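Read the structure below first, then the notes.
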Amino acid sequence: MSLPSSTALAALPAIVGRIAPGWLLERGFAAFTVFIAASAFGAASLAAALLGQLPLAAALVLFGAFQIFAGMLPGVLSAMLMHVAPAPAQLGTVSGMCSQAVNIGNLIGPPLALAVYATAGTGAAVLMLIVLLGASAAAIARLGVFRRRDLG
């Protein structure tokens with residue numbers, strides 16, 4: 001398999017994760033439940049992959065699971081935009097602001113994790129990622145709109 005094909009294949013789990021929240025919301029799951037589950041399972045799969053002494057195949061499966069769950073986070077955000085925007089006329093603005101927040105995280109997150117890893121090791125990097133994910137979940141938990149079930 002060529003490198004471009006391998007790279008495209010590596011992105012597939014995140015694509016599944018982006019689609020899954022809309023599917024789950026249409027079936028009656030609360031957005032907050034989807035967000036918390038994706039956060040918890042994502043953190044657990046990443047911690048298990050990085051901290052466990054696993055065979056390569058098992059670690060790759062866990063990294064794939066992490067990509068699915070990590071992809072669900074912006075997927076929930078996209079599915080919820082119409083309910084978060086104060087008015088339909090502001091949907092584009094809110095969407096742009098949310099996209100920029102995700103992009104900033106994608107830009108800053110990997111170098112930050114690598115810097116912590118290089119300085120303090122794997123355990124500290126995983127702990128930092130879990131703490132930041134927990135802080136994000138706590139911040140979103142304060143938004144009542146994410147706990148509603150009537151958002152389909």
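The values are calculated or read from the model by the stated rules, or taken from the named source; none is laboratory data. Since this is a predicted model, take the numbers as computed values, not measurements. Backbone-built Cβ (ideal geometry, glycine too); neighbour counts: all protein chains shown.
Below are the figures for this structure:
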{"item": "Scope segment 38-57; condition out of contact with any Gly (no Cβ under 8 Å at 6 or more places or on another chain) and exposed (fewer than 15 other Cβ atoms within 10 Å of the Cβ); matching residues", "result": "52, 53, 54, 55, 56, 57"}
{"item": "Of the criteria (1) in contact with a Ser or Thr (Cβ under 7 Å, 6 or more places away or on another chain); (2) outside any helix (DSSP H, G or I); (3) not basic (Lys, Arg), which one residue 29 fails", "result": "(1)"}
{"item": "Selection from segment 4-25 of residues that are touching a helix residue (DSSP H, G or I) at 6+ places or on another chain (Cβ under 9 Å), more than 20 Å from residue 142 (Cβ to Cβ) and of a type outside the set (A, V, I, L, M)", "result": "13, 17, 18, 22"}
{"item": "Which listed residue is touching a helix residue (DSSP H, G or I) at 6+ places or on another chain (Cβ under 7 Å) and either on the phi < 0 side of the Ramachandran plot or at pLDDT 85 or above (or both), from 93, 122", "result": "122"}
{"item": "Residue among 40, 58, 48 that alone is within 13 Å of the chain's Cα centre (by Cα) and not in a loop (DSSP other than H, G, I, E, B)", "result": "40"}
{"item": "Filter result (over 18 Å from residue 113 (Cβ atoms), within 13 Å of the chain's Cα centre (by Cα) and buried (at least 20 other Cβ atoms within 10 Å of the Cβ)) within segment 61-83", "result": "68, 72, 75, 76, 77"}
{"item": "Pair list, Cβ < 7 Å and 6+ apart or interchain, from segment 15-27 residues that are closer than 17 Å to residue 64 by Cα to residues that are in a helix (DSSP H, G or I) and among the polar types (S, T, N, Q)", "result": "17/67"}
{"item": "Flag if residue 39 is hydroxyl-bearing (Ser, Thr, Tyr) and touching a Leu at 6+ places or on another chain (Cβ under 7 Å)", "result": "yes"}
{"item": "Qualifying residue in segment 137-151 (condition: at pLDDT 90 or above, more than 20 Å from the chain's Cα centre (by Cα) and loosely packed, with under 13 Cβ neighbours inside 10 Å)", "result": "no"}
{"item": "Cβ-Cβ under 8 Å pairs, at least 6 apart or on other chains, segment 107-129 side closer than 14 Å to residue 51 by Cβ and without any contact (Cβ under 8 Å) to a residue 12 or more places away in the chain, far side among the small types (Gly, Ala, Ser) and surrounded by 13 or more Cβ atoms within 10 Å (Cβ to Cβ)", "result": "117/124; 117/125"}
